[in-house]
1. Of the residues I237, I215, I266, only one is over 19 Å from P14 (Cβ atoms) and under 18 Å from the mean Cα position of the chain (by Cα); which?
2. Output the number of residues of the stretch 65-82 satisfying the condition of being within 13 Å of the ligand (Cβ to nearest atom) and farther than 18 Å from V220 by Cβ.
3. Are any residues in the stretch 237-273 of a type outside the set (K, R), out of contact with any helix residue (DSSP H, G or I) (no Cβ under 8 Å at 6 or more places or on another chain), within 13 Å of the ligand (Cβ to nearest atom) and over 21 Å from T293 (Cα atoms), and if so, which ones?
4. Does the stretch 214-234 include one or more residues that are within 16 Å of the ligand (Cβ to nearest atom), modelled with pLDDT of 95 or more and surrounded by fewer than 13 Cβ atoms within 10 Å (Cβ to Cβ)?
5. With respect to S105, is the statement that it is surrounded by fewer than 21 Cβ atoms within 10 Å (Cβ to Cβ) and more than 21 Å from the chain's Cα centre (by Cα) true?
6. Only one residue in V228, V277, V287 is farther than 28 Å from L12 by Cβ and under 21 Å from the mean Cα position of the chain (by Cα), so which one is that?
7. Any idea how many residues of the stretch 91-136 are closer than 30 Å to F37 by Cβ and of a type in the set (A, V, I, L, M)?
8. Under the condition of being within 14 Å of the ligand (Cβ to nearest atom) and of a type in the set (G, A, S), which residue from the stretch 177-195 is farthest from F94 (Cα to Cα)?
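The values are calculated or read from the model by the stated rules, or taken from the named source; none is laboratory data. Remember, it's a predicted structure, so these values are computed and weren't measured experimentally. Reconstructed Cβ throughout: ideal geometry from the backbone, glycine too, with neighbour counts over all protein chains shown.
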Amino acid sequence: MSVSPKSPTQGLDPEKYLKVHSPPSHFQQCKDDIDNFLEFWSQIPDRKIALVTSGGTTVPLESQTVRFLDNFSAGTRGATSAEFFLEHGYSVIFLHRQFSLQPYSRHYSHTTNCFLDYLEMDPKSNQIQVEAKYAEEMKDILFKYKDAKDNRKLLAVSFVTVSDYLFLLNYAAQAMAPLESRALFYLAAAVSDFFIPPELMAQHKIQSTEGELNISLSKVPKFLKPLVSKWAPNAFIVSFKLETDPLLLEPKAKQALVQYGHQLVIGNLLGTRKHEVWFFTVGKEPVHLQMPTDSPHMTIESLFLPRLFELHSSYK
Ligand code: PAZ
């Protein structure tokens, strides 16, 4: 069987894609949440608002999806960075892959420890409590989590497919556009480059009785160009560039800067992304930021985000 032999939407720009396809089923709820969040925060003078994208988009093979293509991203970069944005006084829309890592809870999820391992029963009172060795750190994280939640500083919006992602990013970008330079886009999600357009997808579960499966994928409409030039033209926009071949990183990152005209590309390599990144800005030499060896409690985000905050502060 062959899926998606040729795509009439191939080469379509994202705006045409968004016009002729259906948004995700929770789109209205997301729009309301984003509107309420922005209405609240846009009234606070000088308050900066970041849209952080995080985790990987899926590529369904069937409309009633049994199978899909996925990628490696767990959302570590996005969830960790969102915490730093919040601590630095930003309000954050966290556009993330459903069930990927989340700010604050990431410290206790997706680990070899199950959350029950952090708890114990006090034999005297028969009450559940946090084990003493985890309590101090958890207190600190809980405090920050409650602050973000109770004070409406963090809005979580989820996507699953690459199509969901395009709809939600487009809506959030246009809604944030009036904030102009107060708005920052931090595009850390691993977004699929290839997909099967909905009109070419098999409706039902693909049957193995039909023989071997050949899949032909179309290119996903490139959204960075309209994001920068039309959807939020005065915002500070940071994209990430991931490569596996070190020789490609610099030329591809520089090419993205020229092609899209945004403010910053952060380059990283798959194997070392937790230890080193490169900042690419127009007209400047790339800046290499690397964690010192023997720094087990440090994250690379704590090293490079202060530099990004400075760049955003001096952006008009
Ligand atoms: O989610 P994670 O922490 O495992 O990975 C982060 C990342 C490598 C997806 C991110 O830093 C990144 O490079 N995102 C853009 C990927 C791309 O080039 O599309």
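1. Details: I237 fails: over 19 Å from P14 (Cβ atoms); I215 fails: under 18 Å from the mean Cα position of the chain (by Cα).
I266 is the lone residue from the list that is over 19 Å from P14 (Cβ atoms) and under 18 Å from the mean Cα position of the chain (by Cα).
2. Keep residues of the stretch 65-82 that are within 13 Å of the ligand (Cβ to nearest atom), which gives 70-82.
Okay, now just the ones that are also farther than 18 Å from V220 by Cβ, so 74-82.
Residues meeting the conditions: 9.
3. Residues satisfying the conditions are D245, L248, L249, A253, Q255.
4. Looking through the stretch 214-234, none of the residues is within 16 Å of the ligand (Cβ to nearest atom), modelled with pLDDT of 95 or more and surrounded by fewer than 13 Cβ atoms within 10 Å (Cβ to Cβ).
5. Values: surrounded by fewer than 21 Cβ atoms within 10 Å (Cβ to Cβ): yes; more than 21 Å from the chain's Cα centre (by Cα): no.
In short, no.
6. Values: V228 fails: farther than 28 Å from L12 by Cβ; V287 fails: under 21 Å from the mean Cα position of the chain (by Cα).
Every option except V277 fails the conditions.
7. Initially, the stretch 91-136 is screened for residues closer than 30 Å to F37 by Cβ, giving 91-111, 115.
From what is left, the residues that are of a type in the set (A, V, I, L, M) are 92-93, 95, 101.
Final tally of qualifying residues: 4.
8. Kept after step one, since they are within 14 Å of the ligand (Cβ to nearest atom), are these residues of the stretch 177-195: 185-195.
Add one more test, that the residue is of a type in the set (G, A, S), and what stays is 188-190, 192.
Values: A188: 11, A189: 11, A190: 14, S192: 18 Å.
For the stretch 177-195, the residue satisfying everything is S192.
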